[in-house]
1. Of all residues in segment 144-183 being touching a residue at least 40 places away in the same chain (Cβ under 8 Å) and small (G, A, S), which is farthest from ligand 3 (Cβ to nearest atom)?
2. In segment 43-61, which residues are of a type outside the set (G, A, S), open to solvent by 30 Å² or more (accessible area, probe 1.4 Å) and away from ligand 4 (no atom under 16 Å from the Cβ)?
3. Determine whether segment 124-139 contains at least one residue that is at positive phi and more than 16 Å from ligand 4 (Cβ to nearest atom).
4. Do any helices (runs of 4 or more DSSP H) entirely within segment 1-114 hold 3 or more residues that are modelled with pLDDT of 90 or more and within 19 Å of H145 (Cα to Cα), and if so, which?
5. Quick one: what pairs do we get from segment 47-58, first residue closer than 11 Å to A261 by Cβ, second open to solvent by less than 30 Å² (accessible area, probe 1.4 Å) and within 14 Å of ligand 3 (Cβ to nearest atom), C-beta under 6 Å, 6+ apart or different chains?
6. Which condition number does G84 fail, the rest of (1) of a type outside the set (K, R); (2) in contact (Cβ under 8 Å) with a residue 12 or more places away in the chain; (3) under 20 Å from L269 (Cα atoms) being met?
7. Can you pull out the residues in segment 236-271 that are buried (at least 17 other Cβ atoms within 10 Å of the Cβ) and either among the aromatic types (F, W, Y) or in a loop (DSSP other than H, G, I, E, B) (or both)?
8. If you go through segment 92-128, how many residues are β-branched (V, I, T) and open to solvent by less than 10 Å² (accessible area, probe 1.4 Å)?
Amino acid sequence: KAKQQGRNAFQCYTGDLDSKLSLRVMLRNELQEAIDHDQLVLHYQPLLDAAGRVDGLEALVRWRHPVKGFISPADFIPLSEETGQIIPLSRWVMAQACRDARTLVDQGLLAGRMAVNLSPMQFHRPSFLATLRGVLDETGLPASHLELELTEGILMRDTEGAIDILNALNGMGISTAIDDFGTGFSSLGYLRTLPIDKIKIDRTFVKHVTESDKDAAICQGVITLARELDLRVVAEGIETHDQHDYLRHHGCEVFQGYLFARPMPLDALVEWLEAHPRP
Ligand code: C2E
Ligand code: MG
Ligand code: MG
Ligand code: MG
């Protein structure tokens, strides 16, 4: 009986693996079509300062699948990193975000920066800076309107190399933010050596900031740290007035979340910006 069970378990295992594999192959082929056939779209989410004025925007990619509808980047970005498709995908995102930012700047609708999320593979490629310069040239977006969001993981992978790239970005006038701060298990010492401009407190800490003493302590700690190190600090994932009030009263400067605006396509964003106070 044990033997039978064992065999069943084995069959079940390979079956799972097979279907997982074919799912991956399918996704991979479909993602290539998405990249080649305009199924990727960018949505934009505003960031607001403490007075409620627009501080900047973040570009967030979506896959508009012909059958499955909108697919979240959390579901295809990791896959695209494994297959290498993140490279053409990221190039498209960067160009589109810069093009749209240029349009908004020209219309007087964007005074701040457009933030673009980077993937580890993209950032650590030797051609990264040259590609970026090319996109800025092509789209005519001034570097002073661009910000790049990096994760702790990106910076930890090759810290020496990362410092060189960050210095180059600095020299170009592009600002940088550490995204999802606090989720990465990295040492705090690196904040001292890395030339970055901004920290984004991960939304998992923001979520329970008004109910959990621990999460409140983490948010306060990050805000204090950012202040002492002369970094700007953003709280992401603000969904309630209580979260907003709490963080504002504890010195947070910039806010992003569904409470103010969801990520939206460019046409909806233009309407939103036109109706919103600007600095
Ligand atoms: P992220 O960069 O931390 O982006 C913030 C995520 O939180 C976005 O999810 C946004 O829609 C969501 N969000 C914003 N406000 C709220 C809120 O109040 N409540 C909740 N529950 N969520 C909120 P999204 O768009 O699904 O993106 C997920 C992640 O995928 C991003 O996290 C980012 O790491 C990655 N990503 C998105 N676009 C790109 C891209 O173009 N390139 C790369 N490499 N990664 C991307
Ligand atoms: Mg981000
Ligand atoms: Mg984030
Ligand atoms: Mg996050």
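1. Among those residues, the one meeting the criterion is S175.
2. The answer is R53, D55.
3. Of all residues in segment 124-139, those at positive phi come to none.
For segment 124-139, residues at positive phi and more than 16 Å from ligand 4 (Cβ to nearest atom): absent.
4. In segment 1-114, the matching helices (runs of 4 or more DSSP H) lie at 86-106.
5. From segment 47-58, the pairs are L47/G56; L47/V254; L47/Q256; L48/F255; E58/Q45; E58/A115.
6. Among (1) of a type outside the set (K, R); (2) in contact (Cβ under 8 Å) with a residue 12 or more places away in the chain; (3) under 20 Å from L269 (Cα atoms), G84 violates only (3).
7. G237, I238, Y246, C252, E253, F255, G257, F260, A261, P263
8. The number of residues fulfilling the criteria is 1.
The values are calculated or read from the model by the stated rules, or taken from the named source; none is laboratory data. Source: prediction; values computed, not measured. Using ideal geometry, Cβ is built from the backbone for each residue, glycine included, and neighbour counts are taken over all protein chains shown. Ligands, DNA and RNA are stripped out before the accessible areas are found, and what is left, the full protein with its side chains, is counted by its heavy atoms. Shrake-Rupley method; radii C 1.70, N 1.55, O 1.52, S 1.80 Å.
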